[in-house]
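Trainee: Could you have a look at this structure, given as structure tokens, before my questions?
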Amino acid sequence: MDQIRVLFIDDDSGFLNAAREAFSRKVGYDVIFCDNLDTALEEISSGSFEAIVIDCLMPGKSGIDFFKEHRARIDLKKTKVIFISGIFNDSVFMKESLASTKAHGFLIKPFDFEELFKLLPQPTGSSTNTHRQKIFNDRVLVYQIFSHKSRDQRQVRKILEEIEFVHGYDLPFVFNLLVEQRMTGFLNLQGVDNQIYGVTFSDGKIIGVDIDDKKTILGTLLLEKGFVLPADLDFAATGESKMRIGDRLIKHHLLSPHALDIGISEQMSLRLSRLIIAEDFKFNFVPHEIPLRSPYIDEHLLNLYLHDWISSKVSINWIRAQLISLRCSIVTQAECCQQDLKKIAHLPIVRDYPDTIQEILSEKYVLMLLKSYRSQQELLLKQLYLLLAKGIVYLQERDVAEFSDEIAVLDEFIYALKNEGSVVAVAKMFMDMHQNIAIDDLTLLVQSFLLPYQHSNQLELRDKAKQAMRLFQQLKAGSFDVGGGGKSSDYDKKKAEAFQLFEEGKELLNRGRFRDALSKFHKALSFDVPVEKLRLHYIWAKLLIDCTNAQKEALIRLVGEEMLKIPPEDKHEALYYLVYGLFQKLKGNYDQAVKAFEKALALDPQFIHARRELILIQNKALESSGRGSQNILEADLKALVTQLFKKRAK
């Protein structure tokens, strides 16, 4: 997609800043801002523009006189000229100015910038590109909230009215905004498969989630939480009554109404979680008066789910990509920072990693944080994203004279474009972002990355940004394999390969070859494609490998970090409770380990691995008491199988 070059001339710094912000929300424009006519003349002399916007009242000379004087340098067949003015607003003057200069338009300040965009040449591109631009513009609009010192309902509602698309990874932030601002109404989402999903809000509480979900079974959630027994569920499932299973359990005094509300809230949260996927949704929020009803998800509960979604569902590459254009902003504490921080202090990525939280709150700019914490970049970015989503910090534009760090970043980017010209090389510049990305999306990310520099008042930054964009466009035209336009052309192949590695790893795990299985799972995870229960098996394999006491502390820390990345949907499986139990056993928390193994067996009575772990813990307890194993059923599973084979051999 070729960029439209625009020269914007105005000596009013406030209006120039407003113009910068308006153009930053538009894709496809390369804008040079000038606050004096001498600089403007240099720009006109050094290159061509598709449009020139000029204020009529400039210091020393009117914009109209300036244009007439240098008209020979401007080809009106290729360049649209638009005059703007807040002083000369007489209709006769406007008509005479247009007639004498052959300019293409005249706007009276203040005006809506959409009026200006209608007069400007439109960026060329296919309908697919136009669609992606719209999605990108909506995304930029949503993430501008991160730069607002405070939020109010009117501001949030205006943004929600303007956006037409939202990405699945943006939904945690959007859900939080609607709850935080106590919105009431219907959120309608349409997926790429044209499936319609609905989320109902009342006074900032989620009271309904309407999606076609056959996986999240209420009975399983009630059983998992210990509210009912398997026999209770079997009883409630029998008979011809059309009454819902929860109501039947309550009727027969097998379940309390409060327990049912907890189960339904959990079911709603899992249904919300299933919407947080790497796809775009058509978005529509309709304000409507809706009475509050129970059960519901309030801000306190949503904080827990928001934490889980950011930790496990939202791709770290996605977070990097969204924050890339804000990397030179200063992370600044909001007015209620400490008060709001207390509300999420219990969440693991806040509670367990206070040092990086304090670094984020120390008001450094994003690039400096990322450079200082390269080894903990994923943790730091997820913490930062959570704090931004909650409005505990905001991103303030940096206002300093020294830009050596930014220049170094641009030099590194230009070097990659010149010497490693490929999709992989460009993607690496976005802090090791994975290469599975559509060419149009990568183009938008590059443009987003370069926007702050292209609009900077610093001449060196601006020139380097222009050079980088030219190199990228040349590379894109000659070197990139565009593929089918969705994800990168080898995405499906990588997903198939990751799934194959997963299956091979499971087979190795069953055969007791834990290290080989771990290697397979690790390689599958490196493809960064969704494979259900892959991370659970990866952690399971890690916990099955014997470690020395010296290695134990590091393993506990590593597994703890990996446990945070397990998606909520995978936490309601027998396998999750087995893995959680093994983790607690490694830490020496045997009571918690036993409870976890018992939950695994409640969900799957035939789960032999959980039964084996219970027997091992029981044997250890008996041995420590000096009683020893009492019978064959309490023996180690390996010893049990050995004995059985010995008997068969006789």
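Trainee: Out of (1) open to solvent by 60 Å² or more (accessible area, probe 1.4 Å); (2) part of a strand (DSSP E or B), what's the single condition that is false for residue 7?
Mentor: (1)
Trainee: Moving on. So which residues in the stretch 183-203 are open to solvent by 40 Å² or more (accessible area, probe 1.4 Å), under 21 Å from residue 299 (Cα atoms) and assigned to a strand (DSSP E or B), if there are any at all?
Mentor: Across the stretch 183-203, the qualifying residues are 186, 188.
Matching residues to (1) open to solvent by 20 Å² or more (accessible area, probe 1.4 Å); (2) in contact with a Pro (Cβ under 6 Å, 6 or more places away or on another chain); (3) of a type in the set (Asp, Glu):
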| site | (1), (2), (3) |
| --- | --- |
| 308 | yes, yes, yes |
| 336 | yes, no, no |
| 357 | no, no, no |
| 364 | yes, no, no |
| 378 | yes, no, yes |
| 384 | no, no, no |
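Trainee: Return the only residue of 164, 115 being in contact (Cβ under 8 Å) with a residue 12 or more places away in the chain and either touching a Pro at 6+ places or on another chain (Cβ under 7 Å) or open to solvent by 40 Å² or more (accessible area, probe 1.4 Å) (or both).
Mentor: From the options 164, 115, the qualifying one is 164.
Trainee: Report yes if some residue within the stretch 360-368 is on the phi > 0 side of the Ramachandran plot and either assigned by TED's automatic domain parsing to the domain that holds residue 143 or not aromatic (Phe, Trp, Tyr) (or both); otherwise report no.
Mentor: Yes, that holds for at least one residue.
Trainee: Also: In the stretch 69-103, which residues are at pLDDT below 90, closer than 23 Å to residue 32 by Cβ, among the charged types (D, E, K, R) and not in a loop (DSSP other than H, G, I, E, B)?
Mentor: 69, 71, 73
Trainee: Filter the stretch 215-270 down to residues that are of a type in the set (Asp, Glu) and open to solvent by 60 Å² or more (accessible area, probe 1.4 Å) and give me whichever is nearest to residue 309 (Cα to Cα).
Mentor: 234
Trainee: I'd like the full set of residues that are at pLDDT below 90 and either within 24 Å of residue 511 (Cα to Cα) or among the basic types (Lys, Arg) (or both), limited to the stretch 545-569.
Mentor: Scanning the stretch 545-569 gives 546, 547, 548.
Trainee: Among residues belonging to the stretch 252-293 that are part of a loop (DSSP other than H, G, I, E, B) and within 21 Å of the chain's Cα centre (by Cα), point out the one that is nearest to residue 170 (Cα to Cα).
Mentor: Kept after step one, since they are part of a loop (DSSP other than H, G, I, E, B), are these residues of the stretch 252-293: 252-256, 274-279, 288-293.
Then drop every residue that is not within 21 Å of the chain's Cα centre (by Cα), which leaves 274-279.
Numbers: 274: 13, 275: 10, 276: 8, 277: 9, 278: 10, 279: 10 Å.
Checking each candidate, the answer is 276.
Trainee: What number of residues in the stretch 318-332 are more than 16 Å from residue 447 (Cβ to Cβ) and buried (at least 22 other Cβ atoms within 10 Å of the Cβ)?
Mentor: Result for the stretch 318-332: 1.
Results for (1) touching a Lys or Arg at 6+ places or on another chain (Cβ under 8 Å); (2) open to solvent by 80 Å² or more (accessible area, probe 1.4 Å); (3) not assigned by TED's automatic domain parsing to the domain that holds residue 322, shown as yes or no for each residue.
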| residue | (1), (2), (3) |
| --- | --- |
| 74 | no, no, yes |
| 102 | no, yes, yes |
| 120 | yes, no, yes |
| 133 | no, no, yes |
| 136 | no, no, yes |
| 160 | no, no, yes |
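Trainee: Can you name the residue in the stretch 340-355 that is among the charged types (D, E, K, R) and farther than 12 Å from residue 392 by Cα and, of all such residues, is surrounded by the most Cβ atoms within 10 Å (Cβ to Cβ)?
Mentor: 352
Trainee: Let me ask something else about it. Could you tell me whether the stretch 12-35 includes any residue that is touching a helix residue (DSSP H, G or I) at 6+ places or on another chain (Cβ under 9 Å), in a helix (DSSP H, G or I), among the β-branched types (Val, Ile, Thr) and surrounded by 21 or more Cβ atoms within 10 Å (Cβ to Cβ)?
Mentor: No; the residues of the stretch 12-35 include none that is touching a helix residue (DSSP H, G or I) at 6+ places or on another chain (Cβ under 9 Å), in a helix (DSSP H, G or I), among the β-branched types (Val, Ile, Thr) and surrounded by 21 or more Cβ atoms within 10 Å (Cβ to Cβ).
Trainee: Sort out which residues of the stretch 343-382 are part of a loop (DSSP other than H, G, I, E, B) and closer than 22 Å to residue 566 by Cα, and write them in order of number.
Mentor: Step one: list which residues in the stretch 343-382 are part of a loop (DSSP other than H, G, I, E, B), which gives 344-347, 352-353, 361-364, 373-376.
Those that are part of a loop (DSSP other than H, G, I, E, B) and closer than 22 Å to residue 566 by Cα: 344, 345, 346, 347, 352, 353, 375, 376.
The values are calculated or read from the model by the stated rules, or taken from the named source; none is laboratory data. Bear in mind that the values here come from a model prediction, so they are computed numbers and not experimental data. Reconstructed Cβ throughout: ideal geometry from the backbone, glycine too, with neighbour counts over all protein chains shown. Only protein heavy atoms, including side chains, enter the accessible area calculation; ligands, DNA and RNA are left aside. Shrake-Rupley method; radii C 1.70, N 1.55, O 1.52, S 1.80 Å.
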